[in-house]
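Here the structure comes first, spelled out in C-alpha cells, and everything after it is commentary.
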Amino acid sequence: MRIFHDWRALPSDARGATVALGNFDGVHLGHVHLIRAAHAARPDAPLAVLTFEPHPRELFRPDDPPFRLTLSAERADALAALGVGLLYELPFNRDFSLTPAESFVTDVLHKGLGARHLVCGPDFAFGHRRGGDTAFLAARAEALGMGLTLVPLVGDAQGPLSSSRIRRALQDGYPERATAELGRAWTIRGEVAHGDARGRTIGFPTANIALGRHLEPARGVYAVTVRLPDGSVRKGVANIGRRPTVNSGLESRLEVNVFDFDDNLYGAELAVSLQSYIRAEVKFPSLDALKAQIAADAAEARRLLGAGG
C-alpha cells in the first residue's frame with residue numbers, strides 16, 4: 001500500500017481510484033463492509049481510502065481524554081490487510097478544517113485525487129462546520145462525473161456497529177466484545193520505555209509502554225498476545241493502569257510480561273493485543289501480596305490463552 005499525505009500533484013497512477021471516505025478509527029467490521037462495497041462498486045479501479053490525521057475530534061476537542069482505537073501505523077496496516085492499495089492520509093489542521101464542503105469535493109476529491117467513484121456511510125459529513133452531507137455529496141459527485149455508493153451501517157440487536165460502541169466495550173472491561181466487533185483483538189502499539197525495573201526485582205520483568213493517544217481501557221490485568229519486532233507472536237499478561245501499590249502518580253501505562261522471554265526490549269516497538277480481562281486494578285497491602293497476585297494473574301492468563309502451566 002502506498003500512503004500519500006497531500007492530494008495535490010499526485011502521480012498519475014495514484015489517481016482515478018474508488019475512494020472510501022471516513023475516519024476509520026479501529027477499522028472495525030463496519031469499515032470492512034464499507035471497503036468491500038467500494039471494491040465491488042468498481043473492481044476495475046484501484047482501491048483507496050481517504051482519511052485524516054489527527055482525527056478531527058483531536059483538533060476540535062483537545063482537552064478530551066485520549067480516545068483513539070488505532071493510531072496511524074496500526075490503522076494503515078489494518079487497511080492494507082483489506083487490500084487497500086492507496087491511502088490518502090490528509091493532515092487535519094486548523095486551515096484544512098476551514099475548507100468549505102464544495103471545495104473538498106471539487107478541489108480535493110475531483111481535481112486532486114481524480115476520484116472515479118466515492119463510497120461512504122449514510123452519516124458521512126465533511127467540510128467547514130460539517131457543511132456537506134451525503135445528499136450534497138451525491139449532487140456534486142453526479143455533476144462532476146464521479147460515481148457514489150452509500151453503504152448502510154452494519155448493525156445487530158444492540159444497534160449500529162461503531163467505533164464509539166467498541167470504545168465503550170473496552171472501557172467496560174469486555175475486550176472479547178471488542179474483538180468480535182473489530183474482527184481482530186484490539187491492539188496497543190508503542191515503543192518500550194524504561195520503567196522503574198521493579199517488576200524484574202520481584203521476578204516478573206515487564207515491558208513498559210505509554211498509552212499516549214490510545215484509549216485507556218478498563219484498568220486492570222489482561223491476558224494478552226504480543227507481536228515482537230521480528231513478527232513473532234508471544235503470549236503474556238499485562239497490567240493497564242496507575243499501579244497504586246507502588247506508584248502515587250496519575251499517569252496510566254501498560255506493563256506487559258511476555259511469557260518465557262527474557263531478551264532486552266528497550267526501544268523496541270511492540271503490539272500488545274488484549275484477549276481477556278482478568279481482574280480490576282487494586283491496591284495491595286504489601287509487595288509480597290502484590291507478588292502473589294501477579295503469580296496468580298500470570299497462571300490465569302496462561303490458562304485463558306492455552307499457554308500451558
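Only the coordinates and a few stated rules stand behind these numbers; no lab work does. Please read these numbers as outputs of a predicted model, since none were measured by experiment. All Cβ positions, glycine included, derive from the backbone under ideal geometry; neighbour counts span all protein chains shown.
Of note:
- For segment 65-212, a simple Cβ point-charge model (Lys and Arg +1, Asp and Glu -1, everything else neutral) yields a dipole of about 240 debye relative to the Cα centre.
- Computed lengthening from R279 to D95, 0.36 nm per intervening residue step minus Cα-Cα distance: 61.7 nm
- On full extension, the segment bounded by D107 and A299 gains 63.4 nm, given 0.36 nm per residue less the C-alpha separation.
- Paramagnetic reach from D77 (point 7 Å along Cα→Cβ, amide N under 16 Å) across segment 17-56: 26-28
- Gyration tensor (alpha-carbon) shape descriptor, segment 1-55, a/c threshold 1.5: oblate
- Here K235 is the anchor, and the aspartates and glutamates within straight C-alpha reach of less than 19 Å, apart from those fewer than 8 places off in the same chain, are E176, E191, E255, D260, D262, D263, E269, D297, E300.
- Per residue, the chain reaches -7500 deg cm²/dmol at 222 nm when only DSSP H runs of four or more residues are counted, each adding -39500 (n - 2.57).
- Positive dipole terminus of the chain, leading residue within G145, G83, P56 (C-beta point charges): P56
- In summary, the helical segments of the chain meeting the span-like criteria, namely a full DSSP H run, a Cα extent along the axis of 20 angstrom or more and a mean Kyte-Doolittle hydropathy of at least -0.5, are 287-305.
- Magnitude of the charge dipole for the chain, about its Cα centre and with charges confined to Cβ atoms of Lys, Arg (+1) and Asp, Glu (-1), is about 300 debye.
- Segment 1-53, dipole about Cα centre (Lys/Arg Cβ +1, Asp/Glu Cβ -1), debye to the nearest 20: 140 debye
- Descending by average beta-carbon neighbour count within 10 Å, the peptides 281-287, 109-115 line up as 109-115, 281-287, the highest first.
- Distance (nanometres) between label positions extended 7 Å along Cα→Cβ at D288 and A139: 7.6 nm
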